[in-house]
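Heads up: the structure comes next, in structure tokens.
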Amino acid sequence: MARNNFDVAEGAYKLLNDVYVEDLEKLKNLSSHAMQIVNFKVIDKLPGWEVGTRTLYHLNSKGIIGPLDSEEKVIQLAKDFDDGETNRVAAGGAPLTEYPKVMIKAALDALLAQNVVKSPKKEAVGAAQDALTAERKLADDLIPLLWDDIEHAAQSKSKAVRHEFCMEWGMVFTHIPNYGKVNIRAEDFDTHVILPGVLLRLGKNLGTGGPKATTNTHGEAFLESKNFDPTNIVATLILYERTVVDITLIEDETIDIVIRMKKLVA
């Protein structure tokens, strides 16, 4: 049940997040291009575009736009452009036609609306992951007790009856590997700020299969597998470089690992 709930929560979040990532990139392009047009008009000294116009758009004295390497910075740039157009037009300037305010404002509003819907979906993934981890621990603790009870009850029976008895309980006398586990914390490579929403996959670098998880609001996630061959943890997050870490799980042991992700260069 907990596994199914996690798969449902993760699928719902991924569906929304994929659209969100595309729309964030669109807003980034629209806003940065619009601000560049503003700066070009100031540089070209077109009528109504004095050097002081840059301050209306919260640009620095040279009109340079900093790296847009986070959701917050992209959203803020769009808001700055909206403020600049509103104030400049109110002072008597003609609206920018190449990248009209209404177009960028619509893209911004749509993204903010998606974020409102996406946030609880992300929290639901974290809650489902915690529930799955708790259920797995309960099962791991219960299985050896169940095995011991069945094995103890079977000892007094004849060999043939003992075999049938164990078969009825679904028990076989072979070693079934337990899980190897890994606790993961994701953080920014340079600032060490925790990174929620990182999509993680345990498996070969160029593959698609394997256990998956998403870091919670504390930048943490949990993965487990019965594959003890050398493999990878693949981490992806919008505006960050795809990160691959080598790992080999150990049966019945938990490995703690920190994944440090580098921001994409604008």
Report summary line: Using the Cα gyration tensor of the chain, the equivalent ellipsoid's semi-axes, largest first and to the nearest Å, work out to 57, 18, 12
Query raised in the report: Once amide H atoms are placed 1.01 Å from N in the peptide plane, what residues at a sequence separation of 5 or more from residue 240, or on another chain, have their amide H within under 5 Å of its amide H?
Result: 264
Query raised in the report: So, in region 11-92, how many Lys pairs have Cα atoms under 24 Å apart, if the pair is 8 or more places apart or on different chains?
Result: 16
Query raised in the report: Among 55, 133, 217, whose mean-square fluctuation peaks in a Gaussian network model of the chain (Cα, cutoff 10 Å)?
Result: 55
Report task. Quick one: divide the alpha-carbon radius of gyration of region 1-107 by 2.2 N^0.38 Å and tell me what you get. Result -> 1.39
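If the only charges are +1 at each Lys and Arg Cβ and -1 at each Asp and Glu Cβ, what is the size of the charge dipole of the chain around the Cα centre, to the nearest 20 debye?
Values: 31 positive and 39 negative charges, 179 e Å.
It works out to roughly 860 debye.
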Query raised in the report: Most mobile of 75, 104, 255 per a Gaussian network model of the chain (Cα springs, under 10 Å)?
Result: 255
Report task. Using a cut-off of 14 Å between beta-carbons, work out the net charge of the residues near residue 67 (Lys and Arg +1, Asp and Glu -1, residue 67 not included). Result -> -2
Query - Extension reserve of the residue 25-residue 123 stretch, reckoned as 0.36 nm per residue once the Cα distance is removed - result: 33.0 nm
Query raised in the report: Share of the chain's accessible area from carbon and sulfur, percent, 1.4 Å?
Result: 59 percent
Report task. Relative to the longest principal axis of the C-alpha atoms of the chain, give the angle of the C-alpha long axis of helix 71-90, reported between 0 and 90° and rounded to the nearest 10°. Result -> 20 degrees
Query raised in the report: Under a 1.4 Å probe, what is the accessible area of the chain per residue, stated in Å²?
Result: 58 Å²
Query raised in the report: Got a sec? Charge dipole of region 16-108, +1 on Cβ for Lys and Arg, -1 for Asp and Glu; which of 58, 46, 78 is way out at the positive end?
Result: 46
Query raised in the report: Once the Cα atoms of helix 159-168 and of the chain are each reduced to a long axis, what angle between those two axes, in degrees from 0 to 90 to the nearest 10, is obtained?
Result: 30 degrees
Report task. Pull up the cross-link candidates among the lysines for residue 226, meaning alpha carbon to alpha carbon under 24 Å and not fewer than 8 places away within one chain. Result -> 137, 181, 204, 212
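The values are calculated or read from the model by the stated rules, or taken from the named source; none is laboratory data. Please read all numbers here as calculations on a predicted model, not as lab measurements. Neighbour counts run over all protein chains shown; Cβ positions are idealised from the backbone, glycine included. Calculation scope for accessible area: heavy atoms of the full protein, side chains included, ligands and nucleic acids excluded. Shrake-Rupley method; radii C 1.70, N 1.55, O 1.52, S 1.80 Å.
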